[in-house]
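Here is the structure we will look at, set down as structure tokens.
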Amino acid sequence: MSPIRRVHYGDDNNNSGSGNTMNTRTGGNRTSGANSPIQLGPPVPAPPVPPQPAPVQPAPEAGSGADAGPGGGRPSAPGRTRRVFVVYGRDEQVRREMFELLRRLDLRPLEWEDLVRATGQASPFLGDVVAHAPSQAQAALVLLTPDDVAHLHPRLAGPNEPEYEREPTGQPRQNVLIELGMVLMAYPERTLIVEVGALRPAADTAGRNVIRFDGSEAALGKIVQRLKQAGCEVDDTGSDWRQTWPFRHLDAYDRTP
């Protein structure tokens, strides 16, 4: 056991006066006194702080952000502003020349099967295909050509029916008219309607600014302007798209029943 040494604290000039006395044990760890802390053992470590979970960021709302489709719908496909969904019937000549016109404007025409594949379904409902159209194509181009022949049934005719109700008249295919109505519901402000040839009036186009296409440079210019208004990235810097000769002899111009 270590010996105890007495230490006296007093006045600097009088070491024998009354002062504070501290007992200390030499050679050990334990001390006592008014000015000395007593260490009873090693300090107790503080309990560890559990890690805080990272703050959860709210998920973006469906259809929000740069990838959202028009109107806040499905996310848009890359390159959408250069894609045009084309609705057409049986007139292969008109379809071919219109597709070439779009390509000369650096646009990519999409057909029905392109949109079917985009749904990811083997047999999608017609409405599902059209509902995907705004996210896949910037605009819709509907070609109305006289593919069918129709008139009002004579038993239903009134006394003052117009000629197109009494006489056989060319009209678009039924599926084209159905798809026209659906794309007008999907994105009416970005749907172009182009009529080629003599047609029965369609209720879906009444009051709309339809392009009566005759193959002229003015008619081509209207299509280009409408595509731009629809938000398509049209490249009309060249002059190839102004060529009218591919449209001079379309059969639809003078096709009659």
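Miscellaneous remarks
- If you go through segment 238-257 and keep only what is in a loop (DSSP other than H, G, I, E, B) and either under 20 Å from residue 99 (Cβ atoms) or not hydroxyl-bearing (Ser, Thr, Tyr) (or both), you end up with 238, 239, 243, 244, 248, 249, 250, 255, 257.
- Residue match in segment 206-217 (condition: part of a helix (DSSP H, G or I) and more than 15 Å from residue 102 (Cα to Cα)): no
- Restricting attention to segment 111-149, the residues that are assigned to a strand (DSSP E or B), surrounded by 21 or more Cβ atoms within 10 Å (Cβ to Cβ) and either more than 17 Å from the chain's Cα centre (by Cα) or in contact (Cβ under 8 Å) with a residue 60 or more places away in the chain (or both) add up to 5.
- With respect to the conditions (1) over 28 Å from the mean Cα position of the chain (by Cα); (2) assigned to a strand (DSSP E or B), residue 194 lacks only one, and its number is (1).
- If you go through segment 222-254 and keep only what is touching a residue at least 60 places away in the same chain (Cβ under 8 Å), surrounded by fewer than 17 Cβ atoms within 10 Å (Cβ to Cβ) and either among the acidic types (Asp, Glu) or not assigned by TED's automatic domain parsing to the domain that holds residue 85 (or both), you end up with 233, 235, 240, 251.
- Of the residues making up segment 161-183, one or more are of a type in the set (S, T, N, Q), surrounded by fewer than 21 Cβ atoms within 10 Å (Cβ to Cβ) and on the phi < 0 side of the Ramachandran plot.
- Residue check, residue 193 modelled with pLDDT of 95 or more and in contact with a helix residue (DSSP H, G or I) (Cβ under 6 Å, 6 or more places away or on another chain): yes
- Options 186, 198, 219, 202; residue that is without any contact (Cβ under 8 Å) to a residue 60 or more places away in the chain, more than 23 Å from residue 91 (Cβ to Cβ), surrounded by 15 or more Cβ atoms within 10 Å (Cβ to Cβ) and in the same structural domain as residue 95 (by TED's automatic domain parsing): 186
- Segment 156-173, residues that are outside any loop (DSSP other than H, G, I, E, B) and either of a type in the set (A, V, I, L, M) or at pLDDT 95 or above (or both): 156, 169, 170, 171
The values are calculated or read from the model by the stated rules, or taken from the named source; none is laboratory data. Keep in mind the model is a prediction, meaning the values are calculated, not measured. Note that we place each Cβ from the backbone using ideal geometry, even for glycine, and neighbour counts take in every protein chain shown.
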